[in-house]
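Taking it in order: structure first as structure tokens, then the write-up.
A short reminder: the numbers here are calculations on the coordinates, not readings from a lab. Just so it is clear, the model here is predicted, and its values are computed rather than measured. Quick reminder, even Gly has a Cβ in these numbers, built from the backbone with ideal geometry, and neighbours come from all protein chains shown.
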Amino acid sequence: SEDGARMLCVEGESESVVVSRDGVSGKAIAELCRSEPNVPDSRISHVALSPSGRFALTWCKRSSDPRGNLVIWDSGSGEKLGVFQQKEFSAENWPSVLWNKDETTAVRCSANYINFYDGCEFGKSPTHRIALNDVMYVALAPCSASTPVE
């Protein structure tokens, strides 16, 4: 997290385990996910945290979840909040979900859309959507919830 209070660790040799940990003590808070044994493409290769550390983002090349391989988690409880398909990974475009500073809005870019999720309700359809052809990446200014998206 931005204040160092929370961190994500990808642990393990034969399989990857993503653990949310206290940023000061290192104490485990929640196990978020575990890769499939003996399936190298299911190993979590990239992780990110929202500004406060409330949300965690994980990506693996291949997932057993038919909904997708990009997952948003509650980093405190380990609950899976949203799943998306992201076939290609680009380090320069990571993380592929961004939050505003107070985490009331998240944005995710897909091939032809910029999707906004108010209240960070990732299991629902986007609250707002902007259609753009071949959009590659989006950046979000650190604003508060009082700044409307139009």
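Annotation: lysines with alpha-carbon distance below 26 angstrom to K101 (same-chain offsets under eight excluded): K27, K80, K124.
How far apart, in nanometres, would the label points at A141 and E121 be if each is projected 7 angstrom from Cα along the Cα-to-Cβ direction? Result for the modelled spin labels: 2.7 nm.
Highest mobility in the GNM of the chain, judged by mean-square fluctuation with C-alpha springs under 10 Å and restricted to S25, S75, S63, is found for S25. With the convex hull of its Cα atoms as the shape, the range 44-93 has an orientation-averaged projected area of 3.6 nm².
Of the trypsin sites (Lys or Arg not before Pro) found in the range 1-53, the ones in coil according to DSSP and having at most 15 other Cβ atoms within 10 Å of their Cβ are K27.
Between the amide H of L81 and those of I72, W73, D74, distances stay under 5 Å, these residues lying 5 or more places away or on another chain, with hydrogens modeled in the peptide plane.
Charges were assigned to the Cβ only: +1 to each Lys and Arg, -1 to each Asp and Glu. The resulting dipole of the chain about its Cα centre is roughly 200 debye.
Largest GNM mean-square fluctuation among W94, W59, W73, using the chain with Cα springs under 10 Å: W94. Applying a DSSP loop filter and a limit of 10 other Cβ atoms within 10 Å to the GluC sites (Glu not before Pro) in the range 1-57 leaves E13. Summary value for the chain: 14 percent relative contact order, contacts being C-alpha pairs under 8 angstrom separated by 6+ residues.
Placing a pseudo-label 7 Å from each Cα along the Cα-to-Cβ vector at E36 and L81 gives an inter-label distance of 2.7 nm.
According to the calculation over all Cα-Cα pairs in the chain, the P(r) per 10 Å bin from zero is 11, 41, 36, 11, 1 %.
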